[in-house]
Amino acid sequence: MFALAKLIDTAAPPFTGLPTRAAAGRYGVGPDRPGPGVPQGVRPSGLAAVVEDLRAAYQRDPALYGSRATELLLYPGLWALWAHRAAHGLHNRHVPWLPRLLSQGARLFTGVEIHPGARIGRRCFIDHGMGVVIGETAEVGDDVTIYHGVTLGARGFWRDEKGAKRHPTIGDGVILGARSSVLGPVTVARGCRVGAHALVVNDVPSGTTVTAPPAVAHTGRQQPMPLEYEI
């Protein structure tokens, strides 16, 4: 356990929230071209991928420092991602039934539901995890942070054709706040922040912050005053 804590704490480079300019060029991403970002043959595999996930989670969770790094092994979001990689690999090989079984097993134990067909980039961090739903045709870029209750879903069966692209594309470095929803085949471009409880149904340009209306304070008979809110 001490060795794991040292590996994560000392070897992790500073997290900037977005890939470097060189990485953006290599992976074919940019301010107006979000997407999974990592072509075949570039993504690390095995232990290297696991260590990369652990470092990403450690860098983005203020509750983890020093020897607490070992608590990462208890984080449901990490286990959900690892299970998804196995299910996604089987899905890509057209193995019937088993990928869905793995995803539902992960949902049972972690509270995170990721369809085996969803494409998720590197260093994704699902914090807390409970209630996260990621649909079949969703695409998630690199360095994305997802908080609990997030839905990357479709508009509804009455609008979507079977087999069509019906879920969102999330660009690199996007932050999705708790209980936010992105619905339909829309694009949330690189570096956006989606606030808690926000509903996104249209494309969002790079670097944009999207928020839901904040809570309103009622004090006696005075006029309601919006609470200060910033992300």
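The values are calculated or read from the model by the stated rules, or taken from the named source; none is laboratory data. The shown structure was predicted, so the numbers you read here are calculated from the model rather than taken from an experiment. Positions of Cβ are generated from backbone atoms using ideal geometry, with glycine treated the same way; all protein chains shown enter the neighbour counts. The accessibility values were calculated without ligands, DNA or RNA, using every heavy atom of the protein model including side chains. Shrake-Rupley method; radii C 1.70, N 1.55, O 1.52, S 1.80 Å.
Could you look at region 58-167 and say what percent of its accessible area is carbon and sulfur, using a 1.4 Å probe and all protein chains?
Details: 3340 of 5560 Å².
Roughly 60 percent of what the probe reaches on region 58-167 is carbon or sulfur.
What does the convex hull of the alpha-carbon atoms of region 95-180 project to on average, in nm²? The partial results should precede the final answer.
On the way: hull surface 23.1 nm².
Orientation-averaged projected area of the Cα hull: 5.8 nm².
Excluding K165 itself, calculate the net charge of residues whose Cβ lies under 14 Å from the Cβ of K165, where each Lys or Arg counts +1 and each Asp or Glu counts -1.
Details: positive: R119, R155, R159, K162, R166; negative: E136, E139, D160, E161, D203.
Summing Lys/Arg as +1 and Asp/Glu as -1 gives 0.
Would you please name the trypsin sites (Lys or Arg not before Pro) within region 73-142 that are DSSP coil residues with at most 11 other C-beta atoms within 10 Å of their C-beta? Please list the in-between numbers first.
Working: sites: R85, R93, R100, R107, R119, R122, R123; in loops: R93, R122, R123.
Taking region 73-142 and a limit of 11 other Cβ atoms within 10 Å, the loop trypsin sites (Lys or Arg not before Pro) found are R93.
Tell me the accessible surface of H167 in square angstrom (1.4 angstrom probe, heavy atoms of protein chains only), to the nearest ten.
10
Report the accessible area of H197, computed with a 1.4 Å probe over the heavy atoms of all protein chains in place, in Å² rounded to the nearest 10.
130
Heavy-atom accessible area of T187 with all protein chains present, probe 1.4 Å, nearest 10 Å²?
Spelled out: T187, probe radius 1.4 Å, area about 40 Å².
In region 134-206, which chymotrypsin sites (Phe, Trp or Tyr not before Pro) are in a loop and have at most 16 other Cβ atoms within 10 Å, using DSSP for the loop call? Provide the component values of the computation, followed by the final result.
Details: sites: Y147, F157, W158; in loops: Y147, F157, W158.
The qualifying sites are F157, W158.
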